[in-house]
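*Asks:* The structure follows.
The values are calculated or read from the model by the stated rules, or taken from the named source; none is laboratory data. These numbers were taken from a predicted model, which means no experiment stands behind them. Virtual Cβ from ideal backbone geometry, glycine too; neighbours counted across all protein chains shown. Side chains are part of the model used for accessible areas, which takes the heavy atoms of the whole protein and leaves out ligands, DNA and RNA. Shrake-Rupley method; radii C 1.70, N 1.55, O 1.52, S 1.80 Å.
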Amino acid sequence: MHLHHLSKPIERITRGSGLGDANADNVAQGLAHAVENTHPSQGGGDVTQGIHGAAHSHLPLLHKFVPQLEKLANTYHVGNYVVDRKTGQKFFESMPIYARLGMHLLFCGKEQVKLLEGNKHIEDLLREQSIREGKIYDSPESVKNIPSFINTYKLSLSELLEPDIQQYKNFNEFFSRKLKPGARPVENADEPNAFCSAADCRMVVYPTVDLARKFWIKGDEFSLPTLLNLDASDPKCLEFDGGSLAIFRLAPSDYHRFHSPADATIRGKPTDVPGQYYTVNPQAVNEANLDVLSRNKRSVLYMDHTPSGKTIAFVAIGALLVGSIVWTVEENATVKRGDELGYFAYGGSTVVAIFPHGLITFDEDLLKNSVPANPDGKGAIETLMNVGYSLGRWNKD
């Protein structure tokens, strides 16, 4: 949405904002209803009548469970600003309703909520609804959701390897769709020391973890050891002491396959780390009292950078309503920048690439957006990127 179309203020989500007095039991039932309404037998194939409705849109069925949503819709736009790298223009992206409900439940901590089938801890509820959404979108009936999804997010079919939507067996098969060869060319492909974007995404980059924590990842328990699920003294972890981070956030509308940011050799098999199913929306990641990235379900792959021999950690992180993380790259394979590594089944999700100290100098425009000249740690903004866009370079001298 262009800025001149914004007719209301943007909600800054905190514990006491928009849905502050909403009962957690009702919000939980609203989320469960939104998930169930994605089944064509309930929502008729219209994805905007369930989890893909904007958080500030008028959805009468959800308002029955959470009447505070109507006031929220009348008062605020709910979402985030992003900068388009191609044009340099800032625009607004609406937050889906499921992410807003999920954030409210996160503020409730480890409370229990009452549902028809009994009491559940919030973490169990988010996990169960994520699994339920995956099953719905794996069902053959879910193909009826594809046209509405395409229309809602104005997706182009011309770049797809299979543009005929009748050929997809279920919604998840379309969600993890492949692109035609050449649809995502790698910039600076002839420069062996260059790095590229690993995903179609909204990106922030940080030369140090301290900067990442100042401007973006505000959760007080975040650290590289917790993200990698390693002891701080583990030799693997020590390789990244003083390292840099690139964070690639994939929105539900994005192409959901992720790719290698570097010329490299895959080191062994991915390590799966069990965890939660929290929303990875920026307003959750930016919240000091919520630890999202290092608590969510994730899978860690290590790769050795061909020109330098140094190791890069590639962390695929699931999120609320993400069904699974699937690796397609083979163990010990040699990959080039832009080669596919894997994909996410349904949902928004995130990749974090961790580079050893001194390996990468991020492109100046990405740094400017991620690390604004504001000393109070505010004002960082994501950059809209495609697979293959330039990320930075290794300055070996």
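*Asks:* Provide the gained length on full extension for the span Asp220 to Arg12, in nm with one decimal, where the gain is 0.36 nm per separating residue minus the Cα-Cα distance.
*Replies:* Result: 72.9 nm gained on full extension.
*Asks:* Quote the accessible area belonging to Arg257 in square angstrom, nearest 10, computed with a 1.4 Å probe and with ligands, DNA and RNA left uncounted.
*Replies:* 20
*Asks:* Peptides 24-32, 281-289, 162-170: what's the order by average Cβ count within 10 Å, highest mean first?
*Replies:* 24-32, 281-289, 162-170
*Asks:* Determine the sum of side-chain charges near Ile10: Lys and Arg each +1, Asp and Glu each -1, restricted to other residues whose C-beta is under 14 angstrom from that of Ile10.
*Replies:* +3
*Asks:* A further question follows. If you build a Gaussian network model of the chain, linking Cα atoms that sit under 10 Å apart, which residue out of Leu230, Leu59, Leu301 swings the most?
*Replies:* Most flexible of the set in this elastic network: Leu230.
*Asks:* Let me ask something else. Identify which of Leu125, Leu157, Leu179 has the largest mean-square fluctuation in a Gaussian network model of the chain, with springs joining Cα atoms closer than 10 Å.
*Replies:* So, out of Leu125, Leu157, Leu179, the one fluctuating most is Leu157.
*Asks:* Give me the one-decimal nm value for the distance between modelled label points at Glu128 and Gln167, 7 Å along each residue's Cα-to-Cβ direction.
*Replies:* 4.0
*Asks:* Using just the C-alpha positions of the chain as equal point scatterers, what log10 of I(q)/I(0) does the Debye formula give at each q in 0.09, 0.11, 0.12 1/Å?
*Replies:* Scattering profile of the chain, log10 relative to I(0): -0.51, -0.77, -0.93.
*Asks:* Determine the shape class of segment 187-393: with a ≥ b ≥ c the square roots of the Cα gyration tensor eigenvalues, call it rounded for a/c under 1.5, and otherwise prolate if a/b is greater than b/c, oblate otherwise.
*Replies:* Judged from the Cα gyration tensor, segment 187-393 comes out rounded (a/c under 1.5).
*Asks:* I would also like to ask the following. Run the accessible area of segment 295-397 with a 1.4 Å probe and give the carbon-and-sulfur part as a rounded percent.
*Replies:* 47
*Asks:* With every protein chain present, what accessible area does Phe222 have (1.4 Å probe, heavy atoms only), rounded to the nearest 10 Å²?
*Replies:* Phe222 has an accessible surface of roughly 10 Å² with all protein chains in place.
*Asks:* Ignoring everything except DSSP H segments at least 4 long, calculate the 222 nm mean residue ellipticity for the chain; use -39,500 (n - 2.57) per segment, divide by total residues, nearest 500.
*Replies:* So the calculated ellipticity at 222 nm is -6500 deg cm²/dmol.
*Asks:* Right, something else. Hey, any idea what Rg/Rh is for segment 292-397, computing Rh the Kirkwood way over Cα pairs?
*Replies:* 0.98
*Asks:* Same structure, new question: With θ set to phi - 60° and the Karplus curve 6.51 cos²θ - 1.76 cosθ + 1.60, what are the ³J(HN,Hα) couplings of segment 360-371 in order, to the nearest whole Hz, using x for Gly and Pro?
*Replies:* Karplus values, whole Hz, x for Gly and Pro: 10, 10, 5, 4, 4, 5, 5, 5, 4, 6, 7, 10.
*Asks:* Would you list which aspartates and glutamates come within 20 Å of Lys214, measuring only between C-alpha atoms, while excluding same-chain residues fewer than 8 positions from it?
*Replies:* Lys214 reaches Asp241, Glu287, Asp291, Asp363, Glu364, Asp365, Asp376, Glu382.
*Asks:* Output the 0 to 90 degree angle, nearest 10, between the alpha-carbon long axis of helix 97-107 and the longest principal axis computed from the alpha carbons of the chain.
*Replies:* It is inclined by approximately 80 degrees.
*Asks:* Report the label-to-label distance for Lys180 and Glu70 in nanometres (one decimal), using points 7 Å from each Cα along the Cα→Cβ vector.
*Replies:* Result for the modelled spin labels: 4.9 nm.
*Asks:* Still on this structure, please answer the following. Modelled label-to-label distance, Asp231 and Val326, 7 Å Cα→beta-carbon offset: nm?
*Replies:* 3.7
*Asks:* Need the list of lysines near Lys336 for cross-linking: C-alpha distance under 22 angstrom, and skip anything on the same chain fewer than eight residues off.
*Replies:* Counting by Cα, and skipping residues close in sequence, Lys336 has these lysines nearby: Lys178, Lys180, Lys269, Lys310, Lys396.
*Asks:* I've got another one for you. When only alpha-carbon atoms count, how far does segment 218-331 stretch along each of its three principal axes, as whole angstroms with the largest first?
*Replies:* Result, largest extent first: 37, 33, 21 Å.
*Asks:* Using heavy-atom solvent-accessible surface (probe 1.4 Å) with all chains present, what is the largest-first order of Glu187, Glu221?
*Replies:* Most to least solvent-accessible, the answer reads Glu221, Glu187.
*Asks:* Provide the descending list of Cα extents for segment 24-174 along its principal axes, expressed in whole angstroms.
*Replies:* Between the extreme Cα coordinates on each principal axis of segment 24-174 lie 46, 40, 26 Å.
*Asks:* Comparing Leu293, Leu155, Leu224, which has the greatest mean-square fluctuation in the GNM of the chain with Cα pairs linked when under 10 Å apart?
*Replies:* Answer for the Gaussian network model of the chain: Leu155.
*Asks:* So, counting K/R as plus one and D/E as minus one, what does the shell of residues with Cβ under 11 Å around Ala54 add up to?
*Replies:* 0
*Asks:* Looking at segment 116-267, I'd like the Rg to Rh ratio, where Rg is from alpha-carbon atoms and Rh is Kirkwood's inverse mean 1/r.
*Replies:* Here the Rg-to-Rh quotient is 1.03.
*Asks:* Please list, in order, the residues from segment 328-372 whose amide nitrogen is less than 11 Å from a point placed 7 Å along the Cα→Cβ vector of Arg267.
*Replies:* Only 356 fall inside the zone, counting backbone N under 11 Å.
*Asks:* How much net charge surrounds Met95 when only the other residues with a Cβ under 14 Å from the Cβ of Met95 are counted, with Lys and Arg +1 and Asp and Glu -1?
*Replies:* In short, +1.
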